[in-house]
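Structure record follows, encoded as structure tokens.
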Amino acid sequence: MKKLLVNEITENLKDAGCNNKLIEEIIKLYDTGKKEKIKEILSTHRKEILDNEHKAQKQIDCLDFFLYQIEKEDKRDE
């Protein structure tokens, strides 16, 4: 199986929002064949991203509800 190139790994992890420290750690683990540890670290990072996405969605929902309430109030005042 073809090994990934360092620049391919780096680009992919940067696109995924990983910082340089994490990228370096992943590359070292990859070079030493510790793929299970990589899976564990990246699964944790993925969960953090997803949690942040859910938090942002809740914030958007709150803003949308407030805007809806204002619009409803404006229509009532007309």
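Just so you know, all these numbers are worked out from the coordinates, no wet-lab data involved. All of these numbers come straight from a predicted model, not from anything done at the bench. Backbone-built Cβ (ideal geometry, glycine too); neighbour counts: all protein chains shown.
Fewest first, what order do R46, R76 take by the number of other Cβ atoms within 10 Å?
Listed from fewest to most nearby Cβ atoms, that is R76, R46.
Rounded to whole Hz and in sequence order, give me ³J(HN,Hα) for segment 46-57 from the Karplus expression 6.51 cos²θ - 1.76 cosθ + 1.60, θ = phi - 60°, writing x for Gly and Pro.
4, 4, 4, 4, 5, 4, 5, 4, 5, 4, 5, 5
Counting other Cβ atoms within 10 Å of each Cβ, which trypsin sites (Lys or Arg not before Pro) in segment 11-45 have at most 16 and sit in a DSSP loop?
In loop regions of segment 11-45 (DSSP not H, G, I, E or B), the sparsely surrounded trypsin sites (Lys or Arg not before Pro) are K34.
Divide by every residue of the chain the summed helix terms, -39500 (n - 2.57) for each DSSP H run of at least 4, and state the resulting mean residue ellipticity at 222 nm, rounded to the nearest 500 deg cm²/dmol.
After summing the helix terms and dividing by residue count, I get -29000 deg cm²/dmol.
Assigning unit charges at the beta carbon (Lys, Arg +1; Asp, Glu -1) and nothing else, what dipole magnitude in debye, to the nearest 20, does segment 1-55 show about its Cα centre?
200
With 5 Å bins from zero, work out the P(r) of segment 24-78 over every alpha carbon pair and list the percent per bin.
In whole percents, the pair-distance histogram is 4, 17, 12, 11, 9, 8, 9, 6, 6, 6, 5, 4, 2, 1.
At a Förster distance of 30 Å, what's the computed FRET efficiency of D15 paired with K58, Cβ-Cβ distance as r, to 0.05?
Once the sixth-power term is evaluated, E becomes 0.75.
In terms of Cα to Cα distance under 24 Å, which lysines are near enough to K3, apart from those fewer than 8 places away along the same chain?
Partners within reach: K14, K21, K28, K34, K35, K37, K39.
Put +1 on the Cβ of each Lys and Arg and -1 on the Cβ of each Asp and Glu in the chain; which of Q69, Q57, V6 then has its Cα farthest toward the positive end of the dipole?
Farthest along the dipole direction, towards plus: V6.
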